[in-house]
Every structure is written in structure tokens, then in C-alpha cells.
Amino acid sequence: MITRSPRKRVLRIAHLTDIHVQPEKDAARGMIRCLQAVHRLKPRPDLIFNGGDAVMDVFSQGRERARVLQQLWRSILRDYCEIPVIHCIGNHDVWGWDREHSGCSGEEPDYGKRWAMELFELEQRFYSFDRMGWHFIVLDSTFPHGNGYKARLDDEQFEWLQADLKRTPASMPVCVLSHIPILSASAYLDGNNEKTGDWVVPGAWMHIDARRLIELFWKHRNVKLCLSGHIHLYDRVDYNGVTYLCNGAVCGAWWNGDYHQTPPGFGLIDLHSDGTFESQYMLYLSGSAQPLWKG
Ligand SMILES: [Zn+2]
């Protein structure tokens, strides 16, 4: 008799991206409501992935506003979150790179990524770890470009990623977390991208180095799942055996309701021992989480 070992859930992750907390627009209450809904889930998630853009914005803001947002973020996590949080840096968490508007000189000791690393208590801006038979890689998507940014890995990070995947056993499934999507369908629809008669996706919306990342993942077929946010829209792209999930936004349209067709929500991912997974996009505004889309 042939028996197949049953697929076993080993880890449940709530992927909360683009919270954009701020004192205005009832955002703090919204973030608390989302955390409460996550904590009420049965079974309760083992981990929360903060996908970045945790605060409304410090990229273009001065020190005083950055301090207010830092305190708000920290106090809500301290008071309303018991589940361990894995943090990923988003573009809006990088302090002052828009020097024209932030007034930063660039000489401040906590300028740029340093500010985000302090906010999230990170020692590295990109890193990896193992949990319950899965390997997790957290990337830093935000690369400086004038007063703005592009979505890509710097060379140091790409070399580290190559080495990290090389030393991960081929039998171990890999999940990648980045703020900006490596590959996304919704990036095509966030704006009037087709107005020139061609589909144009800005390099700040989707990783401009996606081709070399996809080629790297092709060499390491144990890369199963890439999670992102940034676009505030939900989509799932399956390409070369890798699933790319862009998991909407906790804040929806920056705390102004739905963004296009995607309501405020978060991703809920169940990872299995055999390298498979199930994902859902969850609504939370009612106070208890309800699945909207299953992927
Ligand atoms: Zn973003």
C-alpha cells in the first residue's frame, strides 16, 4: 500500500505591509484593529512579517515629524503586539533621502536606512534565517536615485543573496520578503501606465533588476515564494515555479478606503513541511479577519 505523508502546516505568517501609520486619518486605530484581528486568528500566526512602509513617510520629512512617527509606531507595537515581528525596510521608512523636502544634509547620524534600522531594531538591512524547515530571506529594495529611489539590490546585497542561496540546502524551501515587488501584475495598473501607447512600469514600482533575480531563482528551484507590498494592490503571479504575492496594504488607499479594487487587508500564509503553502488576503476592518481572496 502506498501512503503519502500528509501535508503538515509548520508555520503561519501574517504579512502586514504598507501600514503607513500616522497621527491623522484614524491610522493608529486602524493599525491597532489590524493587529487585534491578527491576534484573534485561530490558529494564531507564529510570526508577523512587517513588509515595510510602516510609517506614513519619513523619506521627505524633517526630524520632528520622523520622531512623532517613530513614537507612534513603537507605542502601538509595544501595547498591541505579542507575536514576534520580522521587519523589512520600505522606501517610506528611509529618513531624509529627499533632501529637498526633508531638509536633511545627509550627515545626520541616523540619516537614511540607519533611521529605519533603529526603528525596527535591525542590525542588518538585509538578512536571512531558518524557521521550521523553511529558509527566509529579507531584502532591502530601496536604492538611492537622485532625490528619489529605484527598486533594486545593490551589488553587495546581490552577492550576499547569491552566497546565501548557495549555502542553503536544495531540499529546504525558501521564502523571500521584499518591500517592492520583484514581479507583479498590479504594478502595470497602478497609474496611467499605458497612456503613451506602451506599458511602462517605473523602476520605483517593481524591481528593475527582476531579470537577474529571476535568473538566480532559476538556479535555486527551492525558492518557492516571494512576498511584497508597495503597490497597495493584491496580486499573485506564478512564474518559473515561483509564486510572487503582492499583498495589498493594511492602509488600503493611505487610510482613505479601498485602493482601486483592493480593500485594506493583510496576507495570511500557511507554510507546509513539504515546501507548499496556502495564502489568503484577509480583511480586518470589522475587527475579526475574514478571507477575501484565496491564492
Ligand atoms: Zn513603498
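The values are calculated or read from the model by the stated rules, or taken from the named source; none is laboratory data. As the structure is a computational prediction, the values presented were derived from the model and not from experiment. Counting neighbours? That spans all protein chains shown, and the Cβs are built from the backbone with ideal geometry, glycine included.
Details
- Test: residue in the stretch 6-20 that is within 16 Å of the ligand (Cβ to nearest atom), at pLDDT 95 or above, among the hydroxyl-bearing types (S, T, Y) and assigned to a loop (DSSP other than H, G, I, E, B): yes
- Considering A37, A28, the condition of being over 24 Å from R125 (Cα atoms) and buried (at least 21 other Cβ atoms within 10 Å of the Cβ) is satisfied by A37 alone.
- The residues of the stretch 252-284 that are surrounded by fewer than 16 Cβ atoms within 10 Å (Cβ to Cβ) and farther than 29 Å from G133 by Cα, listed by number, are A253, N256, G257, D258, H260, Q261.
- Counting only residues that are under 22 Å from the mean Cα position of the chain (by Cα) and assigned to a helix (DSSP H, G or I), the stretch 80-100 holds 4 of them.
- Test result for R131, of a type outside the set (G, A, S), under 27 Å from L216 (Cα atoms), modelled with pLDDT of 95 or more and out of contact with any strand residue (DSSP E or B) (no Cβ under 8 Å at 6 or more places or on another chain): no
- The C-beta contact set for the stretch 227-243 (first residue more than 21 Å from H92 (Cβ to Cβ) and among the charged types (D, E, K, R), second residue crowded, with 23+ Cβ neighbours inside 10 Å and at pLDDT 95 or above, distance under 6 angstrom, 6+ apart or interchain) comprises R236/L245.
- Matching entry among E118, E82 (being loosely packed, with under 14 Cβ neighbours inside 10 Å, out of contact with any Pro (no Cβ under 9 Å at 6 or more places or on another chain) and over 28 Å from A204 (Cα atoms)): E82
- Hits in the stretch 21-61 (condition: part of a loop (DSSP other than H, G, I, E, B) and more than 16 Å from the ligand (Cβ to nearest atom)): P23, E24, K25, D26, L41, K42, P43, R44, P45, D46
- Filter result for Q124 (of a type outside the set (F, W, Y), over 18 Å from V176 (Cα atoms), more than 16 Å from the ligand (Cβ to nearest atom) and surrounded by fewer than 19 Cβ atoms within 10 Å (Cβ to Cβ)): no
- Residue count for the stretch 151-171, restricted to those that are within 16 Å of the chain's Cα centre (by Cα) and more than 16 Å from E215 (Cα to Cα): 1
- Which numbered condition M172 fails, given (1) surrounded by fewer than 17 Cβ atoms within 10 Å (Cβ to Cβ); (2) under 23 Å from I231 (Cα atoms); (3) in contact with a strand residue (DSSP E or B) (Cβ under 6 Å, 6 or more places away or on another chain): (2)
- Selected residue (criterion: nearest to the chain's Cα centre (by Cα)) from residues of the stretch 221-242 that are part of a loop (DSSP other than H, G, I, E, B) and within 16 Å of the ligand (Cβ to nearest atom): G229
- Among (1) free of Cβ contacts under 8 Å to residues at least 60 places away in the same chain; (2) away from the ligand (no atom under 16 Å from the Cβ); (3) surrounded by fewer than 20 Cβ atoms within 10 Å (Cβ to Cβ) - the single one K113 does not satisfy: (2)
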